[in-house]
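**Student:** The structure under discussion is supplied below as structure tokens; questions concerning it will follow.
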Amino acid sequence: MLFNLSLADREAAGLTRRLAAIDKVAGRLLHANEQTYLNFAGNDYLGLSQAPELRLAAEQAAREYGVGAVASPLVVGHQAIHRALEAELADWLGVEAVLLFSSGFSANQAIIKALLTKDHQCWQDKLNHASLQEAGLLSPARMRRFAHNDMASLAARLTPQAGLIISEGVFSMDGDLGNWPELVALAEQSRNWLMIDDAHGLGVLGHQGRGTLSHFGLATSRVQIMMGTFGKALGVGGAFVGGSRALIDYLQNYGRGYVYSTHLPPPQAAAILAAVRLVRRADDKRAHLAGLVERFRQGVASLPCELLPSITAIQPLVIGEEGRTLALAARLQERGIWVGAIRPPTVPTGSARLRITLSAAHRPGDIDALIGALQDSL
Ligand SMILES: *Cc1c(COP(=O)(O)O)cnc(C)c1O
């Protein structure tokens, strides 16, 4: 086995990943190394991971159902709490049916590998999440990547009625939005299927937090496959795919990551259900977050670094070189600020960055502290 050579390669390139010894993440704060930091590294965009409504729902479900689903969904795992969650999601998002998964990674694998055959093509944005790209590569279909958000690049590669176009609502490492009005038009013109992974748009964008399509005023029915996760703005974990009854029936039979996996623990399903109900009426949290984003962008506008154009909670500062990015993250830590240092292969070589994420859990003063620490450190 040659794995230790691969590890040595990463070590030599300064790209080895190690777990940080985090004691506890608690909304806007994070505890590690016997210290408390302001947390700008999570994806808990509305601060729901700490919400009393979600904790209570999980506690009650643990009492009523126990802590585990005890089986895969098609055996006996699928219970009343799962059905209630599916019904709420379908109503919220305006889809006929949904299927629940334990993770977004496994949902994307199951969807793509179950749907695509060797006669299909799979067109993906170059910056799509690893779970989408990997599934496309492992599927029997021909995978074709188009330049990020470049609709001419996509149009040049499209063939009629032969596959699936996949893009993201909000790009996870850049914070920009997919060009959904044009994606929908191109898919309809070429009569291909379209899939959105809205992991980072769900809860944050659109009417009632319905996500990126709603933000653009597009009905969910304009895409055949809507996928989203519960581990970001919904504050819990897990994922779903939504679409037509026929699509969901098919995936329920052929999606291996669904059929052969223990169903979501009932306390998790209950917490997600509480999160969806909260998110639907969380305009105040979304407005607070938008204000923080505005405050941050104004504060760093004059700093000597590249802030990517983003209206979302993901506000990346591109530094470029890996060593400098890590050093900068370390300097911020010394000032009580925790941000993600993102390096290749997660992002393209030469574009290492501080992935700064804001949350409705933050206070305006937290943003000012972050700006001050960036000023000192850059
Ligand atoms: C986080 C993420 C996933 C994976 O979801 P998990 O539930 O964390 O496995 C998939 N797609 C995108 C775009 C993501 O950001």
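The values are calculated or read from the model by the stated rules, or taken from the named source; none is laboratory data. These figures come from a predicted structure and were not determined experimentally. Backbone-built Cβ (ideal geometry, glycine too); neighbour counts: all protein chains shown. Heads up: the accessible areas ignore ligands, DNA and RNA and are worked out on the full protein's heavy atoms, side chains in. Shrake-Rupley method; radii C 1.70, N 1.55, O 1.52, S 1.80 Å.
**Student:** For the range 67-74, just list the computed ³J(HN,Hα) in residue order, Karplus coefficients 6.51, -1.76 and 1.60, θ = phi - 60°, integers in Hz, with x standing in for Gly and Pro.
**Tutor:** Rounded to whole hertz, the list is 8, x, 7, 6, 6, 5, x, 7.
**Student:** Tell me the accessible surface of H148 in square angstrom (1.4 angstrom probe, heavy atoms of protein chains only), to the nearest ten.
**Tutor:** 60 Å²
**Student:** Give me a comma-separated list of calculated 3J(HN,Hα) values for the range 338-354, in order, Karplus coefficients 6.51, -1.76, 1.60 applied at θ = phi - 60°, integers in Hz, x for any Gly or Pro.
**Tutor:** 10, 10, x, 9, 9, 10, x, x, 5, 10, x, 3, x, 10, 4, 8, 8
**Student:** Shifting gears a bit: If you build the convex hull over the alpha carbons only and average its shadow over all orientations, what do you get for the chain? Give it in nm² to one decimal.
**Tutor:** Mean projected area of the Cα convex hull: 19.4 nm².
**Student:** Student exercise: in the chain, how many lysine pairs 8 or more apart or on different chains have Cα atoms under 30 Å apart?
**Tutor:** The result is 7.
**Student:** If you roll a 1.4 Å probe over the heavy atoms of the protein chains, what accessible area per residue do you get for the chain, in Å²?
**Tutor:** Each residue of the chain exposes 44 Å² on average to a 1.4 Å probe.
**Student:** Let me ask something additional. On the accessible surface of the chain, probed at 1.4 Å, how many percent belong to carbon and sulfur atoms?
**Tutor:** 52 percent
**Student:** Okay, moving on. For E134 and E11, what is the calculated FRET efficiency with R₀ set at 30 Å and r taken between the beta-carbons, to the nearest 0.05? The partial results should precede the final answer.
**Tutor:** Values: r = 24 Å, r/R0 = 0.79.
Efficiency, from the Cβ-Cβ distance: 0.80.
**Student:** Skipping prolines and chain starts, which residues have an amide H placed within reach, meaning under 5 Å, of the one on G238, given they are 5 or more residues away or on another chain?
**Tutor:** Hits under the 5 Å cutoff: G104, F230, G231.
**Student:** If r is the Cβ-Cβ distance from L29 to R331 and R0 is 22 Å, what FRET efficiency results, to the nearest 0.05? Working shown, then result.
**Tutor:** Values: r = 19 Å, r/R0 = 0.88.
With a Förster radius of 22 Å, E is 0.70.
**Student:** On to the next question. Dipole of the chain, Cα-centred, from +1 at each Lys and Arg C-beta and -1 at each Asp and Glu C-beta, to the nearest 20 debye?
**Tutor:** 300 debye
**Student:** Oh, and also: Quick one: length gained pulling A156 to T117 fully straight, 0.36 nm per residue minus the C-alpha distance?
**Tutor:** 11.8 nm
**Student:** What percent antiparallel are the DSSP beta bridges of the range 52-279, to the nearest 5?
**Tutor:** Just about 35 percent of them are antiparallel.
**Student:** The range 267-301 to the range 72-146: how many Å between their Cα centroids?
**Tutor:** Between the Cα centre of the range 267-301 and that of the range 72-146, the gap is 25 Å.
**Student:** On to the next question. Using just the helices of the chain, give the 222 nm mean residue ellipticity in deg cm²/dmol: DSSP H runs with n ≥ 4 each add -39,500 (n - 2.57), and the total is spread over all residues, rounded to 500.
**Tutor:** My calculation for the chain gives -12500 deg cm²/dmol from helical runs alone.
**Student:** Between rounded, prolate and oblate, where does the range 198-288 land on the alpha carbon gyration tensor, with a ≥ b ≥ c its root eigenvalues, rounded for a/c under 1.5, else prolate if a/b exceeds b/c?
**Tutor:** oblate
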